[in-house]
Structures are given as C-alpha cells and as structure tokens.
Amino acid sequence: MRISEKNKLEKIIIVGDRVLIKPKSSREQTKSGLYLPPGVQEKEKVQEGYIMRVGPGYPIPADYSFEEESWEEDKEDVRYIPLQAKEGDLAIYLQRDAIEINYMGEKYFIVPQSAVLMLVREEDL
C-alpha cells in the first residue's frame, strides 16, 4: 500500500477535546523585504494551520439514575459533546498551548479546542 497524506494519518486517534494541526507554511520574508531566520515565525504567539484530525469531543458524565435495575447488565456508553472544528478547517490557535510532534517526517501540533481562537471553513454549497 502506498502511503499518502490521507492514509498515513488514518491510524492516529486524537483523544478528547484535542485537534491535530499541520502548520501552514510561514512567510520567510517581511513586508519590507527582510528575510527572517528559521524559527522566528514559530515564536509568534498566534499560529495558523490546517486541522488534519479531530478528537471525539468533551466527554459527558455517565447518567446514574435510579430507574435502572441493579441486576441489569452495566453498559458504559461513553457520550461526547462534539467539537466545532472539522477536518480541513484553517485554525488560528495559541502557540503556547500547542504540543509539537514529528510523525513520519512531518511536523504537527496537538492543540486543545480551548486554544483554537478562530476557524475558517470553506463549505461546498
């Protein structure tokens, strides 16, 4: 099987309220024409990138009601409140809350939903 951008991320499972972001290629030149050394752009407080994978969301506590019989089989159906972010969105996020990882030679960031400031979504109408 040939490894492509899509199928190399299929084995990744993002946990909880986090998203996997591939950073957008940064500008190497300022508006005035000065070239920036590597790493200067990465130290800015706010970054942007594309969301590659999304976690299931915020877990909802189990409902322990008295209406159920104690001898019935316990079923632990975990439910989640889904995240606003979707795969393919452009995310503006806080760099200080991002955790950098390298996966198969690519740089990604794992960011909690709370650190995402804005999403840009191009919907097909």
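Observations, loosely collected:
- Taking first residues from the stretch 41-65 that are open to solvent by less than 40 Å² (accessible area, probe 1.4 Å) and partners that are modelled with pLDDT under 90 and β-branched (Val, Ile, Thr), no Cβ contact under 6 Å between residues at least 6 apart in sequence or on separate chains turns up.
- Residue in the stretch 89-112 that is farthest from the chain's Cα centre (by Cα), counting only those that are small (Gly, Ala, Ser) and more than 15 Å from Ile14 (Cα to Cα): Gly105
- When the stretch 76-125 is limited to residues that are open to solvent by 60 Å² or more (accessible area, probe 1.4 Å) and aromatic (Phe, Trp, Tyr), the one that is nearest to Glu48 (Cα to Cα) turns out to be Tyr103.
- Selection of the stretch 82-125 for residues being among the polar types (S, T, N, Q) and assigned to a strand (DSSP E or B) yields only Asn102.
The values are calculated or read from the model by the stated rules, or taken from the named source; none is laboratory data. Because the structure is a prediction, the values reported are computed rather than measured. Glycine gets a Cβ as well: all are built from the backbone with ideal geometry, and neighbour counts include every protein chain shown. Accessible surface areas use protein heavy atoms only, side chains included; no ligands, DNA or RNA. Shrake-Rupley method; radii C 1.70, N 1.55, O 1.52, S 1.80 Å.
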